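One structure below.
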Amino acid sequence: MPFTRISLRPGYSDAQIAQISDILQQSLEAEFAVPPGDRFQIFEALPARLRVFDRHYKSGGRSENFIQFHILAGKPRSREQKQNLCRLLCKRLHATLAIHPDDVMVMIHFNTADDWSFSQGRMLSEEGL
């Protein structure tokens, strides 16, 4: 049940946004065992003046193509799963859209089923999942 906010520069086409979405979903399914229908994402295209980032902090150098993935997931994953997700996501973005791995930042946060209501005010924990 991850929810991801993807912050990126303006100018990506609808087809490119769909590719980023698919790559993220496929990576989550592969490494976090996320079900195929469990896709919740928001894309934010922000102008340069609203995207403040250090071009070299813990990176070989970021460009204007810098993308941040803020992932909120409902159950903890192992360090290995998190590493594999980040590496797979970078690899697929680079292979498909030529987004350099230095331009990909991933932040992963976890919470519990008590923190999710998908609809009708029912908490996920009430559904026994």
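For ASN84, indicate whether it is modelled with pLDDT of 95 or more, surrounded by 11 or more Cβ atoms within 10 Å (Cβ to Cβ), of a type outside the set (A, V, I, L, M, F, W, C) and outside any helix (DSSP H, G or I).
no
Only residues that are surrounded by 14 or more Cβ atoms within 10 Å (Cβ to Cβ) and in a loop (DSSP other than H, G, I, E, B): list them for segment 24-45, please.
VAL34, ASP38, ARG39
Name the single residue that is nearest to TYR12 (Cα to Cα) among those in segment 50-86 being touching a helix residue (DSSP H, G or I) at 6+ places or on another chain (Cβ under 7 Å) and small (Gly, Ala, Ser).
So the residue we want is SER63.
So which pairs qualify, if the first residue must be in segment 86-104 and at negative phi, the second must be of a type in the set (Lys, Arg) and crowded, with 16+ Cβ neighbours inside 10 Å, the Cβ gap must be under 9 Å, and the two must be at least 6 apart or on different chains?
HIS100/ARG62; ASP102/ARG62; ASP103/ARG62
Any residue that is in contact with a strand residue (DSSP E or B) (Cβ under 8 Å, 6 or more places away or on another chain), within 30 Å of GLU127 (Cα to Cα) and not hydrophobic (A, V, I, L, M, F, W, C) - is there at least one of those in segment 34-54?
Within segment 34-54, one or more residues are in contact with a strand residue (DSSP E or B) (Cβ under 8 Å, 6 or more places away or on another chain), within 30 Å of GLU127 (Cα to Cα) and not hydrophobic (A, V, I, L, M, F, W, C).
Could you tell me which of the residues SER63, SER21 is part of a helix (DSSP H, G or I), at pLDDT 95 or above, of a type outside the set (Val, Ile, Thr) and surrounded by 10 or more Cβ atoms within 10 Å (Cβ to Cβ)?
Result of the check over SER63, SER21: SER21.
Somewhere in segment 111-122, is a residue part of a strand (DSSP E or B) and over 18 Å from THR4 (Cβ atoms)?
yes
Looking at segment 66-80, which of its residues are touching a strand residue (DSSP E or B) at 6+ places or on another chain (Cβ under 6 Å) and either small (Gly, Ala, Ser) or outside any loop (DSSP other than H, G, I, E, B) (or both)?
Scanning segment 66-80 gives ILE67, GLN68, PHE69, HIS70, ILE71, LEU72, ALA73.
Determine if segment 78-101 includes at least one residue that is over 15 Å from VAL34 (Cα atoms), small (Gly, Ala, Ser) and out of contact with any Phe, Trp or Tyr (no Cβ under 8 Å at 6 or more places or on another chain).
yes
The values are calculated or read from the model by the stated rules, or taken from the named source; none is laboratory data. Remember, it's a predicted structure, so these values are computed and weren't measured experimentally. A quick note on method: Cβ atoms are made from the backbone with ideal geometry, for glycine too, and the neighbour counts reach across all protein chains shown.
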